[in-house]
Amino acid sequence: MRLRNQLLARGLPDLDQSKDDVQNIHRAHLKKLLDLGVDGFRLDSAKHMLADKMKDVYIAYINATSGGQTWNYLEVISDSDTYTEDYTWVAAVTDFVLYNSLKEAFSFGGDLRSLRVPRAVDDPRSVTFGRNHDTIREINASAINPYTDPTDSYLATAYVLARENGTPLVLNWDNADAPYIKYGVKFRQIMRQRGVAGGNVKENVLAAIESATVLLLERGDEGFFVVNKGADTFDVPVLDLTLTHVEGCYRELRNNFRVAIEPRSDGKKYVTRWGTWERGGMAVQGREALYFIREPWEQCQSS
């Protein structure tokens, strides 16, 4: 494709997108893929091409030919002369801004409280990830800002799946290596369904836990997420959730235990059951991610 600086890495040829022959060949290729049933496209190295050309030559054609039924996104990595926001008007983009925020927060010595207002591309469609092929040292000698400990990235992926915003991208082997990730996918699906049905699923990282290693994120009153990136169990006997939306009975998807959050006579709201009625507060093992969905109150009373 015609590059912004007319220079493609590793000496690859540079096609002139302004030429009708180039556009016609590319569009014929896209049409064939659409006819075969392809329902989405990732446009690689979009940052090297002019945004208006990406829109006019490719995205607009794909949308028109598919009747708007495809989902498309652009690989855009910010650098000294490229800003991700320059491409968000064209299509969804890869959110390396959020990736860098997560890498800093979830790595050793990082502070999860920085994610109360995360740095991210200002576009709810953005493709979000704990890591991807560009950031993995094992398969990319020029990996972009890779994690020292890959398991930190699994926890970052767990957080990405818990969020309302973004379109998560998960590496298939991460799904196999981290037991909680597939439950994060299930949690996200449930939150989406409940949001469509009119439930409150707004994302908000809570300040109820003042910890650099533990993050608590609510999805309105329909669910919540807890991640502990530390090595030790996080255990507090009392947890005040007065200034939150969560209340009632919740079930953890993977471990299948229940939590109750109730108002008390002092006007405040506490976790009164964590697994059993014998204890309240919260206990989360080290290097763990938990996903909770709201259930009828009777479920907490009957078990």
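The condition (being assigned by TED's automatic domain parsing to the domain that holds H48, buried (at least 17 other Cβ atoms within 10 Å of the Cβ) and either touching a strand residue (DSSP E or B) at 6+ places or on another chain (Cβ under 7 Å) or closer than 30 Å to N200 by Cβ (or both)) is satisfied by just one residue among Y87, Y159: Y87.
Is there a residue in region 98-107 that is of a type in the set (S, T, N, Q) and closer than 17 Å to N165 by Cα? Yes, there is a match, as at least one residue in region 98-107 is of a type in the set (S, T, N, Q) and closer than 17 Å to N165 by Cα.
The residue that is nearest to I144 (Cα to Cα), counting only those in region 97-107 that are small (G, A, S) and assigned to a helix (DSSP H, G or I), is S101. Take the residues in region 140-170 that are in a loop (DSSP other than H, G, I, E, B) and aliphatic (A, V, I, L, M), then tell me which one is nearest to R125 (Cα to Cα). Out of the qualifying residues, it is L169.
Selection of region 101-125 for residues being over 16 Å from V205 (Cα atoms), among the basic types (K, R) and surrounded by fewer than 19 Cβ atoms within 10 Å (Cβ to Cβ) yields only R125. Only a single criterion out of (1) touching an Asp or Glu at 6+ places or on another chain (Cβ under 8 Å); (2) not in a strand (DSSP E or B) is not satisfied by I261, namely (2).
Restricting attention to region 82-100, the residues that are closer than 12 Å to M49 by Cα and among the acidic types (D, E) total 1.
Once region 287-303 is narrowed to residues that are of a type in the set (S, T, Y) and either part of a loop (DSSP other than H, G, I, E, B) or without any contact (Cβ under 8 Å) to a residue 40 or more places away in the chain (or both), the residue that is farthest from F225 (Cα to Cα) is S302.
The set of residues in region 40-84 being among the β-branched types (V, I, T), crowded, with 17+ Cβ neighbours inside 10 Å and over 24 Å from the mean Cα position of the chain (by Cα) consists of V57, I62. Go through G37, G68, G110 for me and flag whichever is assigned to a loop (DSSP other than H, G, I, E, B) and within 30 Å of E210 (Cα to Cα). The match here is G110. For the condition surrounded by fewer than 17 Cβ atoms within 10 Å (Cβ to Cβ) and either closer than 24 Å to G40 by Cβ or outside the structural domain of E288 (by TED's automatic domain parsing) (or both), A178 does not qualify. When residues in region 217-251 are screened for being within 21 Å of D111 (Cα to Cα), in contact with a Phe, Trp or Tyr (Cβ under 9 Å, 6 or more places away or on another chain) and aromatic (F, W, Y), 2 of them pass. Taking the criterion of being surrounded by fewer than 17 Cβ atoms within 10 Å (Cβ to Cβ) and either in a loop (DSSP other than H, G, I, E, B) or outside the structural domain of L239 (by TED's automatic domain parsing) (or both), the residues of region 273-286 that qualify are G275, W277, E278, R279, G281, Q285, G286.
The conditions are (1) out of contact with any Ser or Thr (no Cβ under 8 Å at 6 or more places or on another chain); (2) without any contact (Cβ under 8 Å) to a residue 40 or more places away in the chain; (3) under 25 Å from D152 (Cβ atoms), and G110 fails exactly one of them. Which is it? The failed condition is (2).
The values are calculated or read from the model by the stated rules, or taken from the named source; none is laboratory data. The structure displayed is predicted, hence computed values, not measured ones. A quick note on method: Cβ atoms are made from the backbone with ideal geometry, for glycine too, and the neighbour counts reach across all protein chains shown.
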